[in-house]
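Right, one structure below, let's go through it.
Only the coordinates and a few stated rules stand behind these numbers; no lab work does. Bear in mind the structure is a predicted one, so any value in this text is a computation, not a measurement. Using ideal geometry, Cβ is built from the backbone for each residue, glycine included, and neighbour counts are taken over all protein chains shown.
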Amino acid sequence: MYQLAEDFSDGIAYVKDLQGNSRLVLHNGKERRIANCSEMFVDGPLLGCNQSFFANHSGNPVFLHTYDKIEPFGTGEIAFVRDGRRWGMIDRRGMLLVSCKYYKVEQRPDGLYKAYPPAFGIYDLTGKMVVPAEYDDLVLLEKGLFRVERG
């Protein structure tokens, strides 16, 4: 029995037993412990370990950098990462697309990414800036049009 069991992703699922021990369960029912991952999430072929680094299913880090916080890629090609109190974005190769300079970064319903304070800006799915982060407010109107405010 488990106190937590996530959905399978790439034939593997994260579980936490009743004693709070984390492990992976394979489709065949076998369990695997990951020594350097006490907390994790499964993100396709990657594990998010201890909310700070991405690893392969054996627990070995796949990117050089460790962060203060990471979020899953999910179905997209970009993951949000935090260094200190600021957020940025990396791609599935671990390359920093947007440096960690924003207090908040979020994916919008239209698939674009919104980054804000100290200023608002919009990035596309590849991490390319669409609307420069130099506005006090930014609102999507329709058909790719944005209302921006400064001052």
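Write down Rg/Rh for region 1-121, rounded to two decimals, with Rg from the C-alpha atoms and Rh from the Kirkwood relation over Cα pairs. Please list the in-between numbers first.
Details: Rg = 15.4 Å, Rh = 15.2 Å.
Reported Rg/Rh, Kirkwood definition of Rh: 1.01.
Hey, got the dipole for region 40-145? About the Cα centre, +1 on K and R Cβ, -1 on D and E Cβ, debye to the nearest 20?
On the way: 12 positive and 13 negative charges, 46 e Å.
That gives a dipole near 220 debye.
Which Cα, out of Thr126, Gly48, His65, lies furthest along the positive dipole direction of the chain (beta carbon charges, K/R +1, D/E -1)? The Cα lying farthest towards the positive end belongs to His65. Taking K and R as +1 and D and E as -1, what net charge do the other residues with C-beta under 11 Å from the C-beta of Asp83 add up to? Within the 11 Å Cβ shell, the charges total +4. For the pairs Lys16/Lys69; Lys16/Lys104; Lys69/Lys128, flag any whose C-alpha to C-alpha distance is greater than 28 Å. Cα-Cα > 28 Å for Lys16/Lys104; rest within. Length gained on full extension, Val139 to Asn21: 38.1 nm, using 0.36 nm per residue less the C-alpha separation.
Here the Karplus relation 6.51 cos²θ - 1.76 cosθ + 1.60, evaluated at θ = phi - 60°, turns the backbone of region 134-151 into coupling constants of 9, 10, 7, 8, 8, 10, 6, 8, 6, 6, x, 8, 10, 9, 10, 10, 9, x Hz, with x for every Gly and Pro.
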